[in-house]
Amino acid sequence: MKKKIVFLMSVLVVLGMGLSLSRQTANASFASKYHLKAYIMPKKYRGTWHHGRNKLKISSRRVNGHLLYKFPQHSVIPYNSKVYLVQKDGTGITLAAPQVDGFGLKRSGKFLIWQAFGSRIKYHR
């Protein structure tokens, strides 16, 4: 009986590892399929930013759970809900989901300015 339980637990562990690896390879295969290069967010933008109840979490390779890639110059990329394409824009950066209008981020002193569709929101740490 004990051997059967140990065997079932080991099968569950192996299946769990297989599912997590397949999710990682799906994200990697999207990037390799469209020849996307990873974008590393500059340190001045990283951290948790607040505006009222809104929270913006920026890490080195993610913004609110979306992966960051450099904007491709000569290709059309299909929509993917977990990807942002990033392009430098003067003093700030522009982020956009593929085939969707984007938004801009820039620093103004100790604040982070979020701009999209004519609206401007000031985030603080």
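The values are calculated or read from the model by the stated rules, or taken from the named source; none is laboratory data. Nothing here was measured: the structure is a model prediction, and the numbers come from that model. Glycine also receives a Cβ, built like all others from the backbone with ideal geometry; neighbour counts cover every protein chain displayed. Ligands, DNA and RNA are stripped out before the accessible areas are found, and what is left, the full protein with its side chains, is counted by its heavy atoms. Shrake-Rupley method; radii C 1.70, N 1.55, O 1.52, S 1.80 Å.
Contact order, relative form, for the chain: 16 percent (alpha carbon pairs under 8 Å, 6 or more residues apart, mean separation divided by residue count).
Across the chain, Cα-Cα distances exceeding 17 Å account for 64% of all pairs. Straight-line cross-link reach from Lys70 at under 30 Å between alpha-carbon atoms covers these lysines, not counting any fewer than eight positions away in the same chain: Lys33, Lys37, Lys43, Lys44, Lys55, Lys57, Lys82, Lys88, Lys106, Lys110, Lys122. For Thr91 and Phe7, the difference between the fully extended length at 0.36 nm per residue and the C-alpha to C-alpha distance is 24.5 nm.
When peptides 45-53, 66-74 are sorted by average Cβ neighbour count within 10 Å, with the highest value leading, the order is 66-74, 45-53. The residues of the chain expose on average 72 square angstrom of accessible surface per residue, using a 1.4 Å probe on protein heavy atoms. Taking 7 Å steps out from each Cα toward its Cβ at Ile121 and His66 produces label points 1.2 nm apart.
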